[in-house]
Ligand SMILES: Nc1ncnc2c1ncn2[C@@H]1O[C@H](COP(=O)(O)OP(=O)(O)OP(=O)(O)O)[C@@H](O)[C@H]1O
Ligand SMILES: [Mg+2]
């Protein structure tokens, strides 16, 4: 069968999407990466004290965009689910709900709907593992930071922790918007991602300072994207590929500018 024009493009696009999805889903990871996520899972299990029957709520953030927060959140959640733990993954980067893009869904009802007071159950199966459920971000609200800092968010996380032994919360970067900082007070701990060849020391220091200022419980730092196979002199292609300035000029930039203006007033 020959494929022409439109059909060819459709199949090519689908193939690319499948490839992209497969690359980030736990079960398709290579052995070293799987082991790294298992180790992260174990470290997290031991770094938060037992909450007497209540689940552990863990946030994932980083200093700047594109360091692999959502990627880590999915794989960590998958690793927990695979070990038999009922796990809830919350797509709390409402400005850029990339978990939904990775999984290939676009639900309109989600975290933002619950936080503005809409009734209903927004939790859906992730489709990745029977033990892994997803609370999608929902429609992008105009004021994510304000919503995430409310009592409603606290109550929601409390409720989730009653039902799930592990709740993984995917958050935006700390140096760009306030979301992760405002929600950190409701979390049992937060993991900070740095990416090989991308994160600069200055940015990491700034992010840690901000998290410490709001008294977040920093569980540790994940060094993402290092390719062991390339030796210690490997400089990393990500830096070139994902120009760092380019990310700052992405959708987050507008918010960070607005925040700075607010701070200066
Ligand atoms: N260790 C890794 N190996 C391969 N690809 C990765 C790795 N970490 C992240 N990526 C890819 O890099 C891109 C950015 O990752 P991701 O979306 O997880 O970053 P993020 O920090 O959540 O970004 P944002 O701040 O925009 O939400 C994605 O295409 C993801 O699949
Ligand atoms: Mg993300």
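The values are calculated or read from the model by the stated rules, or taken from the named source; none is laboratory data. Just so it is clear, the structure is predicted and the values come from calculations on it, not from any experiment. Backbone-built Cβ (ideal geometry, glycine too); neighbour counts: all protein chains shown.
Scan the range 160-172 residue by residue and report those that are crowded, with 21+ Cβ neighbours inside 10 Å and in a helix (DSSP H, G or I). If the condition is that a residue be crowded, with 21+ Cβ neighbours inside 10 Å and in a helix (DSSP H, G or I), then no residue fits.
Yes/no matrix, rows are residues, columns are (1) out of contact with any strand residue (DSSP E or B) (no Cβ under 8 Å at 6 or more places or on another chain); (2) surrounded by fewer than 24 Cβ atoms within 10 Å (Cβ to Cβ); (3) not in a loop (DSSP other than H, G, I, E, B):
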| site | (1), (2), (3) |
| --- | --- |
| 137 | no, no, no |
| 140 | yes, yes, no |
| 147 | yes, yes, yes |
| 158 | yes, yes, yes |
| 174 | no, no, no |
| 194 | no, yes, yes |
| 197 | yes, yes, no |
| 202 | yes, yes, yes |
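The number of residues in the range 106-126 that are out of contact with any strand residue (DSSP E or B) (no Cβ under 8 Å at 6 or more places or on another chain) and over 17 Å from residue 151 (Cα atoms) comes to 5.
Determine which member of the set 37, 71, 78 is surrounded by 21 or more Cβ atoms within 10 Å (Cβ to Cβ), in contact (Cβ under 8 Å) with a residue 12 or more places away in the chain and away from ligand 2 (no atom under 16 Å from the Cβ). Exactly one residue qualifies, and that residue is 37.
Picking from 143, 75, 131, which residue would you name as being modelled with pLDDT under 95 and within 30 Å of residue 33 (Cα to Cα)?
Exactly one residue qualifies, and that residue is 75.
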